[in-house]
Amino acid sequence: MRKLLLSSALAGALVPFTVKADFDISPAVQGGKIVTNAFADADSTSIDNVRVFTFEFGEDPLDPYFLEDPGFHPLPGAGFDEGVIVAAKTFSPLSFWNDSGFVPAPAGETIDVTRGSTTITLGDSGFAGSLPIAATDANGEFDEHLSATLQGVTPALPSTGIYLYSLTLSGSDLTDSDSVYLLFNNGADASELGEAAVLARDTFAPGTALVPEPASLASLAVTGVLAGRRRRR
């Protein structure tokens, strides 16, 4: 099953990268509904029709369980009027990759999602309310981030592995987006993150593009090649 998923990922997910790119969620408006694309501030790479995003804890060794992601960056001309407040809502409970699917967090871990002075906690329960992100400027644009803090149950540290939650986006007089799925890697191999992203995309958002971190994508490609070699033996 994993070999099949990896093959499908390579067919639909490979995007050329020349530098490491961190992708923001880039909402746009189509037919009165919010849709989601991906945009990398570093090199202005833009990928349409993306609903699965990956992030990596551990960027700051002094604060390894804190991350200023996900980011949100609607682009000029994406269809938003000035002054539209885009909000995140309908947060799912937190789940955990177990090498074949997503299950509840193994040791009661939670992720605190923060915007400004407001924090919500995702664990066994989600959050049905709304968390405003920002209002669009005169160009229909903003570039803002939520933050994520992974918490273990004291005194234990969070389990190594890949965590997932989903959310939807809303805006004034617009139809809410389909669910967006966010994977947060806490120390797992890049190839595992690639596999988890593929399964999340194929299960929850089939037909959409997949844009993992370039390091994960490279590992995913190597894994796919090795799987192909095993099949040919």
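Bear in mind these aren't lab numbers, they're just calculated from the coordinates by the rules spelled out. None of the values given here were measured: they were computed from a predicted structure. Cβ sites come from the backbone with ideal geometry, for glycine too, and all protein chains shown count toward neighbours.
Let's test the formula: R0 of 35 Å, r as the Cβ-Cβ distance of K89 and V153. What FRET efficiency results, to the nearest 0.05?
That gives a FRET efficiency of 0.80.
So what J values fall out for region 29-42 if you push phi through Karplus, 6.51 cos²θ - 1.76 cosθ + 1.60 with θ = phi - 60°, rounded to Hz, Gly and Pro as x?
10, 9, x, x, 10, 6, 10, 10, 10, 10, 9, 9, 4, 4
If amide hydrogens are placed 1.01 Å from N in the peptide plane, which non-local residues have theirs closer than 5 Å to the one on S172?
I85
About its Cα centre, what dipole magnitude does region 63-159 give when the only charges are +1 on Lys and Arg Cβ and -1 on Asp and Glu Cβ, stated in debye to the nearest 20?
340
What does the extension gain come out to for A135 and S117, with contour length at 0.36 nm per residue minus their alpha carbon separation?
4.8 nm
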